[in-house]
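The values are calculated or read from the model by the stated rules, or taken from the named source; none is laboratory data. Keep in mind that what you see is a predicted model, and the values were worked out from it rather than measured. Cβ atoms come from the backbone with ideal geometry, glycine included; neighbour counts cover every protein chain shown. Side chains included, ligands, DNA and RNA excluded: accessible areas come from the protein's heavy atoms. Shrake-Rupley method; radii C 1.70, N 1.55, O 1.52, S 1.80 Å.
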Amino acid sequence: MPLEIVRNDITKMTVDAIVNAANESLLGGGGVDGAIHYAAGPELLAECKTLDGCKTGKAKITGGYNLPAKYVIHTVGPVYEDGKHGEKSLLESCYRESLALAKKHNCETVAFPLISSGVYGYPKDQALKVAIDVISVFLLENDMMVYIVIFDKAAYKISEKLFSDITEYIDDNYVDEHTDYRRESMRMNTPMAPMQASVGLFESDLCECKAMMAEEDLDAKLKHIDESFSQMLLRKIDEKGMTDAECYKKDNIDRKLFSKIRSDVHYKPSKPTAIAFAISLELSLDETEDMLKKAGFALSHSNKFDIIIEYFISKGNYNIFEINEALFAFDQSLLGA
Ligand code: AR6
């Protein structure tokens, strides 16, 4: 999954480069800056002294010394005043410049803290949105594994409205696994129900009609009986007029995994991967269930993860990054490979 949000201490990340939320002097400080210098050792400061500082919104690179990461990319975020002093574009620039430096040094894996969201006061939810937006645009054109590292749980907060909407949806739908009201109501709405109710329909007509419908149903079933998950996926990609790359990039899935699915007709993906594809293809709830079934899964109402997915699909919101933000906020695993 090219973008992943993880909860960790960034100094422990085994990646090609970690990003430091520094200040313009590049001579160390508190917060994540202090932690990185402490873990890297004094050689990091010695190299930083040779860099002649760094302007807000820009980035510079050094070695990682005692850190598991090979490089440290130092970027200077804006101090947040009121959001009307160009803070957003400076923060965007921090992510863009850092990613460009990482690319220039052939980094395949990079970890970011939430720049400016500590001492510099940028509201954490907005800082996270900027990070996700800029990184996801970059990933549309570049192959890289990027982590956003959240240190404290409170750092990660989706909007109160979304949080309460999802909570309500979970409360309404979280039932024990033997009672699935949605399925029940779908059953009530099968095409037979209005027909049986319609006036003046003779018993024999009804039987004939039932038989015809059963036949059609069987035909439809037989048509798709041999279609595997990967066949259905490729068919849907074609039907939606998407390219393979558009599909796997949009759903945050690794290119190598996608080619595995493409070349192995019987490939069985994990459930989150199968769901990520359904989101990327903007499938309806029924189509999603159909696709999941092919991989041996179903959306269940005894599982918060599934209910959150169902919430987003039913709202027609297929933004995988927003879905992942919500999943993270509810302590669920994220979508992707
Ligand atoms: N790993 C990951 N994230 C961390 C860690 C860690 N070990 N420690 C803190 N954070 P801040 P800023 C999170 O204040 O707002 C320094 O003194 C933290 O929870 O480190 O850009 C510099 O020298 C927060 O969400 O950076 C500058 O003077 C995020 O990292 C100034 O602070 C950023 O918080 C920069 O302020």
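Overview of results
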quantity	calculated
Criterion: at pLDDT 95 or above, under 16 Å from ASN23 (Cβ atoms) and open to solvent by 60 Å² or more (accessible area, probe 1.4 Å) - qualifying residue of GLU97, GLU108	GLU97
First in the range 256-274 and in the same structural domain as GLY296 (by TED's automatic domain parsing), second anywhere and of a type in the set (Ser, Thr, Tyr) and open to solvent by 40 Å² or more (accessible area, probe 1.4 Å), Cβ under 9 Å, 6 or more apart	LYS260/TYR267; ILE261/TYR267; PRO272/SER333
Residues being within 14 Å of PRO2 (Cβ to Cβ) and of a type in the set (Lys, Arg) - total across the range 229-270	4
Among residues of the range 310-337, those that are of a type in the set (Lys, Arg) and within 13 Å of THR273 (Cα to Cα), counted	0
ASN8 vs. criteria within 30 Å of SER270 (Cα to Cα) and within 12 Å of the ligand (Cβ to nearest atom)	yes
Subset tally (residues that are more than 8 Å from the ligand (Cβ to nearest atom) and in contact (Cβ under 8 Å) with a residue 60 or more places away in the chain) for the range 22-47	0
